[in-house]
1. Starting from region A:42-60, take each residue that is of a type in the set (Phe, Trp, Tyr) and list its partners that are outside any helix (DSSP H, G or I) and surrounded by 10 or more Cβ atoms within 10 Å (Cβ to Cβ), counting only C-beta distances under 8 angstrom and pairs at least six apart or across chains.
2. Go through region B:18-69 and give me each residue that's hydroxyl-bearing (Ser, Thr, Tyr), surrounded by 13 or more Cβ atoms within 10 Å (Cβ to Cβ) and more than 7 Å from every other protein chain (Cβ to nearest Cβ).
3. Pairs only if they're at least six apart or on different chains, beta carbon under 7 angstrom, first in region B:47-69 and without any contact (Cβ under 8 Å) to a residue 12 or more places away in the chain, second hydrophobic (A, V, I, L, M, F, W, C); list them, first residue then second.
4. Can we say A:ASN99 is crowded, with 17+ Cβ neighbours inside 10 Å, more than 10 Å from chain B (Cβ to nearest Cβ) and either modelled with pLDDT under 90 or closer than 26 Å to B:LEU22 by Cβ (or both)?
5. On the given criteria, is A:LEU77 at the interface with chain B (Cβ under 10 Å from one of its Cβ atoms), modelled with pLDDT of 90 or more and either under 18 Å from the mean Cα position of the chain (by Cα) or under 25 Å from B:LEU18 (Cβ atoms) (or both)?
6. Within the bounds of region A:39-55, is there any residue that is part of a helix (DSSP H, G or I), over 19 Å from B:ALA59 (Cα atoms) and under 24 Å from the mean Cα position of the chain (by Cα)?
7. Check off (1) under 14 Å from the mean Cα position of the chain (by Cα); (2) within 14 Å of chain B (Cβ to nearest Cβ); (3) surrounded by 18 or more Cβ atoms within 10 Å (Cβ to Cβ); (4) not aliphatic (A, V, I, L, M) for A:ARG157 and give me the number that stays unchecked.
8. For A:LEU78, work out the one condition from (1) without any contact (Cβ under 8 Å) to a residue 24 or more places away in the chain; (2) more than 30 Å from A:ILE38 (Cβ to Cβ) it doesn't fulfil.
Amino acid sequence: MLKLNNGEKVRLVKRRHPLLIKMEVFPLGSIFFITVLIMAAFPFVYQEPEWIESIYKYVGEFNFFYFCYFAITIVLLLFWQVIFMLFSNYYLDCWVVTNQRTIHTELMGLFRRYISSIYHHRIQDVSVDVKGVLATYLNYGDVQIQTAGKFREFLFRQVPDPYETKNKIMNAQKEFLRKRKKR
Amino acid sequence: MFQNALIIIFLLAVILFLVMRLTLYSHFRRIDLPGGVFSLNKKIMMVFQGGGLIILLLALAFLILTFYA
């Protein structure tokens, strides 16, 4: 379980730009919605195919109309799970800046989760990388935190307002260092 | 034979849903921070479970109707 230290307060929470998850989920969501519409319209357009009689000889009699509904609902269930997997991946990939450290949680696939944190006194440099037309217009980009020592570099991927994010990290770092000097 | 195949497909879908539900639940349950960082955890799980259960029940109903309607 991820826990904050005593006196630690959350200053900033960042996830990837919401448009990016919408772009991922929209095609699947559209297919899901269209499939539901097809299910609703199916009784009005359904005609039992002639070739179904030949199949009955081999597998026995069954209701082809409801079989189609069964197949569609199974496909819908798969879509439902993929949509939630994508959304969970977005929701659980998170960067939290507190008054003491920066925490990164990332869901890397279904059975792998990565959580790391870096205290502000270890930060050496914060850089911003806004790359591409969409990123420029929508104001999102990568914010990279370079740290002292052998720690892994922190990368805020495709976060909205990267410049503002950088400023807030720097401010949190200044505040942390100021308090540290006072002690 | 055909009936058994459909039942197996349905059971596989149920198992897949349960595995997914368990996995997502363990991810969401083990992560929490004050300040509303992960405030939607419970709602996401409720929507996922609720929607998934409705679809599964529909699939079960259609499976029964396929052979007994």
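1. A:TYR56/A:PHE62
2. B:TYR25
3. Partner pairs satisfying both residue conditions: B:GLY51/A:TRP80; B:ILE55/A:LEU76; B:ILE55/A:LEU77; B:ILE55/A:TRP80; B:PHE62/A:PHE70.
4. Working: crowded, with 17+ Cβ neighbours inside 10 Å: yes; more than 10 Å from chain B (Cβ to nearest Cβ): yes; either modelled with pLDDT under 90 or closer than 26 Å to B:LEU22 by Cβ (or both): yes.
Here the answer is yes, as A:ASN99 does meet what is asked.
5. Values: at the interface with chain B (Cβ under 10 Å from one of its Cβ atoms): yes; modelled with pLDDT of 90 or more: yes; either under 18 Å from the mean Cα position of the chain (by Cα) or under 25 Å from B:LEU18 (Cβ atoms) (or both): yes.
Considered against the rule, which asks whether it is at the interface with chain B (Cβ under 10 Å from one of its Cβ atoms), modelled with pLDDT of 90 or more and either under 18 Å from the mean Cα position of the chain (by Cα) or under 25 Å from B:LEU18 (Cβ atoms) (or both), A:LEU77 comes out as yes.
6. no
7. A:ARG157 satisfies all of (1) under 14 Å from the mean Cα position of the chain (by Cα); (2) within 14 Å of chain B (Cβ to nearest Cβ); (3) surrounded by 18 or more Cβ atoms within 10 Å (Cβ to Cβ); (4) not aliphatic (A, V, I, L, M) except (2).
8. (2)
The values are calculated or read from the model by the stated rules, or taken from the named source; none is laboratory data. Everything numeric here is computed off the predicted structure, so don't read it as measured data. Note that each Cβ is placed from the backbone with ideal geometry, even for glycine, and that neighbours are counted across all protein chains shown.
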